[in-house]
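Engineer: Dropping the structure in here first, questions after.
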Amino acid sequence: MQDFGTEDRVKFFHTIDFVRWLPVYGAVAGMESTMRTDVSKINEKTPHQDLTEGLMIFAGGSSKLFNTGEWRTNTPVFHEDRCKQCLLCAPVCPDSCIPVKDGKRLAFDMEHCKGCGICANVCPFDAIEMKEGNI
Amino acid sequence: MAIKERMSGNEAVAFAIRQVNPDVMPAFPITPSTEIPQLVSTYIANGQMDTEFIPVESEHSSMSATIGAEAAGARSLTATSSAGLALMWEELLLAASNRLPLVMALVNRTLSGPININCDHSDGMGARDTGWIQIYAENNQEAYDNFIQAYPIAEDVRVHLPVMICQDGFITSHAVENITLLEDNLVKDFVGEYEPEEYLLNPGKPIAVGPYSISSYAMEAKKNQELAMEASKAVILEVAERFKEMSGREYGLFEEYCTEDADYIMFIMGSAAGTAKQAVDDLREQGKKVGVIKLRVFRPFPAQEIAQALKHCKVAAIMDRCESYNGNGGPLASEVSAALFSHKVMIETVNYIYGLAGRDFTVEDVYDIFADLEAMVENGKEIKQYQYINLRK
């Protein structure tokens, strides 16, 4: 399943979803797709005729596109020099905001981190410091 | 060559389900619909169907699972009655708003209370605003034929709405009558394969079904759903036409029995229409100009067609097998009166409530009602509106 990051989020709104899946469409039933609509084109001015059927969304994991990081109360600061890459922090994040690639944790996903502080609590090396406020 | 058999309504619907061989059936038992999932389970156990049967813990779960399965891409259905339907209420609305073409076999039983297992239309009527297509049967033949037409109606791209196939509890569901069945291959060809354009279990084309919507979108979504309900009327007639070509049996939005020159018409739904037709035959022999309109498609409500069909009569008796507790009459009375008024058809109507919780409705009752209507017109007798037939008082 596609993992959406910040760059993908920007891309999504400028890329027509169905173009990405065009080769699949071509293979499927050979018929013209009548339902798929570029959801990024739908906004509060869209007339009812242009909404999707049953408000279906033609993408997966679309909740990642919503910036819940705006609600953050405290902010984690990553002290990379102290991090031993033990990866105890990544699985305990309730919002899955610590991406892991090639066995190493990356920077916090600030679009979705709410500042709960569980990661800082778990880190044995003080590599995560919670600062007050939404920084 | 058609197959002549004797079956109850439940057996007939279960037989149709076997012939359609859907993908998933989550179900929970409730009298008088229990035999439908029971007989389907037997077919599956005997290897005559490969449907995935899911015995769930309640009707809330059976509709929930049916919605999930249909959204996943499986042709799904369930069966229930009365309180079982009521327990599904919040999900009935979702099946329709998510535009899922699933089917339900509803065996009409009164809603509690008092607790009672016999027939009336309060369960189906209680769900009349949920956005489902609702088709009512007079007898086992119609229940069977309607069920076979259900998926072709629901799955049509102009519709994509759930369909409820209704039959009267015990009266139709349990009484054994003659029936003409279709061959398996004919039904299979008629119903076809379910090929959804979009579905959840579709790698490479992920979708989300039933998202939250802020107020800026909800009203537009509801309008689109409403338009699908309007469009379904034409589709129902098209499917009926195809069904007629296959079976020779004709269906429409309603049946007009001896109404062309009728002065007095009884407007009725369900098995009691058969009783009414018998009474009409008897009264016609005496020279009375009486007729019956048997409503088949209650949702979408064919207001204009009904107004046209009733236009030329002097008085219509609108028969409700259900209370709506609005202080004025039953649901059919409300909807037929609204249809007549908005089309400026100013005939007299009298609303009768009959057959609640299985109270018997006889041919004699129909004679009495027509006699009342006649007395109203010819002798100026005042007829009380909103009467209960056969009420002890």
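The values are calculated or read from the model by the stated rules, or taken from the named source; none is laboratory data. Please read these numbers as outputs of a predicted model, since none were measured by experiment. Don't worry about glycine lacking a Cβ; one is built from the backbone with ideal geometry, like all the others, and counts go over all protein chains shown.
Listed here are the residues, each with its yes/no results for (1) more than 8 Å from chain B (Cβ to nearest Cβ); (2) closer than 15 Å to B:Asn224 by Cβ; (3) surrounded by 12 or more Cβ atoms within 10 Å (Cβ to Cβ).
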{"site": "A:Ser40", "(1), (2), (3)": "yes, no, yes"}
{"site": "A:Glu53", "(1), (2), (3)": "no, yes, yes"}
{"site": "A:Gly60", "(1), (2), (3)": "no, no, yes"}
{"site": "A:Phe66", "(1), (2), (3)": "yes, no, no"}
{"site": "A:Gly69", "(1), (2), (3)": "yes, no, yes"}
{"site": "A:Arg72", "(1), (2), (3)": "yes, no, yes"}
{"site": "A:Thr75", "(1), (2), (3)": "yes, no, yes"}
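Engineer: If you check B:Glu230 against the conditions, is it in contact with a Pro (Cβ under 8 Å, 6 or more places away or on another chain) and more than 8 Å from every other protein chain (Cβ to nearest Cβ)?
Structural biologist: Considered against the rule, which asks whether it is in contact with a Pro (Cβ under 8 Å, 6 or more places away or on another chain) and more than 8 Å from every other protein chain (Cβ to nearest Cβ), B:Glu230 comes out as yes.
Engineer: Restricted to the stretch B:133-165, and to residues that are assigned to a loop (DSSP other than H, G, I, E, B), under 23 Å from B:Ala357 (Cβ atoms) and not aliphatic (A, V, I, L, M), which residue is farthest from the other protein chains (Cβ to nearest Cβ)?
Structural biologist: B:Asn139
Engineer: In the stretch B:277-331, how many residues are touching a Ser or Thr at 6+ places or on another chain (Cβ under 8 Å) and polar (S, T, N, Q)?
Structural biologist: Of the residues in that region, 3 qualify.
Engineer: Another one. Between a first residue in the stretch B:316-336 that is more than 20 Å from B:Tyr264 (Cβ to Cβ) and a second residue that is crowded, with 24+ Cβ neighbours inside 10 Å and of a type in the set (Ser, Thr, Tyr), which pairs have beta carbons less than 9 Å apart while being 6 or more apart in sequence or on different chains?
Structural biologist: Note: pairs meeting the criteria are B:Cys322/B:Thr110; B:Cys322/B:Ser122; B:Glu323/B:Ser122; B:Ser324/B:Ser122.
Engineer: Among the residues of the stretch B:217-227, is there at least one that is among the aromatic types (Phe, Trp, Tyr), within 14 Å of another protein chain (Cβ to nearest Cβ) and either touching a strand residue (DSSP E or B) at 6+ places or on another chain (Cβ under 8 Å) or under 19 Å from B:Leu102 (Cα atoms) (or both)?
Structural biologist: Step one: filter the stretch B:217-227 for residues among the aromatic types (Phe, Trp, Tyr), giving B:217.
So of that shortlist, the ones also within 14 Å of another protein chain (Cβ to nearest Cβ) come out as B:217.
Filter once more, keeping what is either touching a strand residue (DSSP E or B) at 6+ places or on another chain (Cβ under 8 Å) or under 19 Å from B:Leu102 (Cα atoms) (or both): none.
Taking every residue of the stretch B:217-227 in turn, none turns out to be among the aromatic types (Phe, Trp, Tyr), within 14 Å of another protein chain (Cβ to nearest Cβ) and either touching a strand residue (DSSP E or B) at 6+ places or on another chain (Cβ under 8 Å) or under 19 Å from B:Leu102 (Cα atoms) (or both).
Engineer: Here's another thing I want to ask about it. Can you run down the residue pairs with Cβ atoms below 6 Å, 6 or more apart or on separate chains, where the first is in the stretch B:187-208 and among the charged types (D, E, K, R) and the partner is surrounded by fewer than 18 Cβ atoms within 10 Å (Cβ to Cβ) and assigned to a loop (DSSP other than H, G, I, E, B)?
Structural biologist: Final answer for the pair search is B:Glu197/A:Met35; B:Glu198/A:Met35.
Engineer: With respect to the numbered conditions (1) touching a Cys at 6+ places or on another chain (Cβ under 7 Å); (2) assigned to a loop (DSSP other than H, G, I, E, B); (3) over 30 Å from B:Ala71 (Cβ atoms), which one is the sole condition not fulfilled by A:Lys84?
Structural biologist: So the condition that A:Lys84 fails would be (1).
Engineer: Turning to a different aspect of this structure: Inside the stretch A:26-66, can you point out the residues that are more than 25 Å from the chain's Cα centre (by Cα), modelled with pLDDT under 85 and not in a loop (DSSP other than H, G, I, E, B)?
Structural biologist: A:Gly26, A:Ala27
Engineer: Within the group B:Leu111, B:Leu100, B:Leu77, B:Leu106, which residue is over 19 Å from B:Pro162 (Cβ atoms), among the hydrophobic types (A, V, I, L, M, F, W, C) and not in a helix (DSSP H, G or I)?
Structural biologist: B:Leu111
Engineer: So which strands (runs of 3 or more DSSP E) are wholly in the stretch B:291-393 and hold at least 1 residues that are within 23 Å of B:Asp281 (Cα to Cα) and over 22 Å from the mean Cα position of the chain (by Cα)? Lay out the reasoning, then the answer.
Structural biologist: Details: elements: B:297-299, B:315-320, B:348-353.
Result: B:315-320, B:348-353.
Engineer: What are the pairs with Cβ atoms under 7 angstrom where one residue, in the stretch B:345-358, is farther than 20 Å from B:Cys313 by Cβ and the other, located anywhere, is part of a helix (DSSP H, G or I) and of a type outside the set (Lys, Arg)? Sequence gap at least six, or different chains.
Structural biologist: Short answer, once both residue conditions are applied: B:Gly355/B:Ala272.
Engineer: Does B:Lys277 fit the bill of being part of a helix (DSSP H, G or I) and among the basic types (Lys, Arg)?
Structural biologist: yes
Engineer: Continuing with this model, one more query. Keeping to the stretch A:87-135, report how many residues are part of a loop (DSSP other than H, G, I, E, B), touching a residue at least 24 places away in the same chain (Cβ under 8 Å) and not hydrophobic (A, V, I, L, M, F, W, C).
Structural biologist: Counting residues in the stretch A:87-135 that are part of a loop (DSSP other than H, G, I, E, B), touching a residue at least 24 places away in the same chain (Cβ under 8 Å) and not hydrophobic (A, V, I, L, M, F, W, C) gives 13.
Engineer: Please go through the stretch B:325-359 and pick out each residue that is closer than 24 Å to B:Arg128 by Cα and of a type in the set (D, E, K, R).
Structural biologist: Within the stretch B:325-359, B:Glu335, B:Arg359 meet the criteria.
Engineer: Using the structure shown, decide if B:Ile153 is in contact with a Leu (Cβ under 8 Å, 6 or more places away or on another chain) and either farther than 20 Å from B:Gly68 by Cβ or aliphatic (A, V, I, L, M) (or both). I'd like the intermediate steps shown before the answer.
Structural biologist: On the way: in contact with a Leu (Cβ under 8 Å, 6 or more places away or on another chain): no; either farther than 20 Å from B:Gly68 by Cβ or aliphatic (A, V, I, L, M) (or both): yes.
Judged against the criteria, B:Ile153 is not a match.
Engineer: Can you work out which of the residues in the stretch B:82-97 that are closer than 21 Å to B:Ser112 by Cα and not hydrophobic (A, V, I, L, M, F, W, C) is farthest from the other protein chains (Cβ to nearest Cβ)?
Structural biologist: By that ranking, first place goes to B:Ser82.
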